[in-house]
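A.B. asks: Following this message is one structure expressed as structure tokens.
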Amino acid sequence: MSGAAVSPGFGITTARLSLRPVAHEHLPDLIRLKADPRVFSFMLHGVRTPERTREELEDDIEFWLVRGYGTWSVFERATGEFLGICGFMERPDGRGVALRFALWPECRGKGYAREAAAAALAFGRRAGLTRIIAVARETNAPSRAVLTDIGMREAGEFFHQGHRMVVYEA
């Protein structure tokens, strides 16, 4: 991820994106994103209610305070438009720290997910994470292509709610 810079507040800028740790002012955007089945039906635990999104935001803010890494809100630098989220979570199934990303469908095909995920992965390495995984449904070809393109490799599989899930590792 050449050309990305990390700000003192754990923000990251890339050529086209600004990644900022999730914050209370992002809540309206997060509620819209996490309620949209086009985006969150593929995510662990699926679409969220506004109440669940508020709870997750509090957890994500605490995660940053405790761990020094977490989830970013992703914005287009040129316009300031909210594009989605990208970052790290501790998988509840014990598999480890996982890279995840969820951007609006309108962002597909523009390389935003790849740019954000590469920046997050580089941040995680600098933060001292020795093992970073990611999980994608076997049928989610766009996400799997992003993970492969940023240098992650297939490292296993499992089944979740009838879907074959592919585990990637950096």
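A.B. asks: Calculate the dipole size of the range 56-170 relative to its Cα centre from +1 charges on Lys and Arg beta carbons and -1 charges on Asp and Glu beta carbons; express the result in debye to the nearest 20. Display every interim value, and only then the final one.
C.D. replies: On the way: 15 positive and 16 negative charges, 95 e Å.
Computed about the Cα centre, the dipole is about 460 debye.
A.B. asks: Between the range 46-103 and the range 114-170, how far is it from one alpha carbon centroid to the other, in angstrom?
C.D. replies: Answer, in whole Å: 15.
A.B. asks: Still on this model: Please compute the modelled spin-label separation between residue 145 and residue 38, points set 7 Å along Cα→Cβ, answer in nm with one decimal.
C.D. replies: If labels sit at residue 38 and residue 145, their model points lie 1.8 nm apart.
A.B. asks: What percent does the relative contact order of the chain come to when contacts are Cα pairs within less than 8 Å and at least six residues apart?
C.D. replies: 17
A.B. asks: Could you go through the range 61-68 in sequence order and give the Karplus-derived ³J(HN,Hα) for each residue, using 6.51 cos²θ - 1.76 cosθ + 1.60 with θ = phi - 60°, rounded to whole Hz, and x for Gly and Pro?
C.D. replies: Those phi angles translate into 5, 4, 4, 4, 5, 7, 9, x Hz.
A.B. asks: I've got another one for you. Could you tell me which residue out of 43, 11, 129 lies farthest along the dipole of the range 1-148 toward its positive end? Charges go on the beta carbon: Lys and Arg +1, Asp and Glu -1, centred on the Cα centre.
C.D. replies: Among 43, 11, 129, the one farthest towards the positive end of the dipole of the range 1-148 is 129.
A.B. asks: Given (1) 177; (2) 148; (3) 113 as candidate values of volume of the Cα convex hull per residue in Å³, which corresponds to the one derived from the coordinates?
C.D. replies: The value computed from this structure is option (3).
A.B. asks: In addition: Give the peptides 156-166, 67-77 in descending order of average Cβ contacts within 10 Å, highest first. Don't jump to the answer; show the numbers that get you there.
C.D. replies: Working: 156-166: 11.8, 67-77: 20.3.
Result, highest mean first: 67-77, 156-166.
A.B. asks: Please report the antiparallel percentage of the DSSP beta bridges confined to the chain, to the nearest 5. Please list the in-between numbers first.
C.D. replies: On the way: 33 of 34 bridges.
For the chain, the DSSP antiparallel bridge percentage is about 95.
A.B. asks: Length gain on complete extension for the stretch residue 61 to residue 137, per 0.36 nm per residue less the alpha carbon to alpha carbon distance? Spell out each step's value before the answer.
C.D. replies: Working: separation 76, 0.36 × 76 = 27.36 nm, distance 2.70 nm.
Additional length available on full extension: 24.7 nm.
A.B. asks: Additional query: So if each residue of separation counts as 0.36 nm, and I subtract the Cα-Cα distance between residue 155 and residue 27, what length gain in nm does that give? Before the final figure, lay out the partial values.
C.D. replies: On the way: separation 128, 0.36 × 128 = 46.08 nm, distance 3.42 nm.
Gain on extension, residue 155 to residue 27, equals 42.7 nm.
Computed from the coordinates by the stated procedures, all read-outs in this text should not be read as laboratory data. Just so it is clear, the model here is predicted, and its values are computed rather than measured. Glycine also receives a Cβ, built like all others from the backbone with ideal geometry; neighbour counts cover every protein chain displayed.
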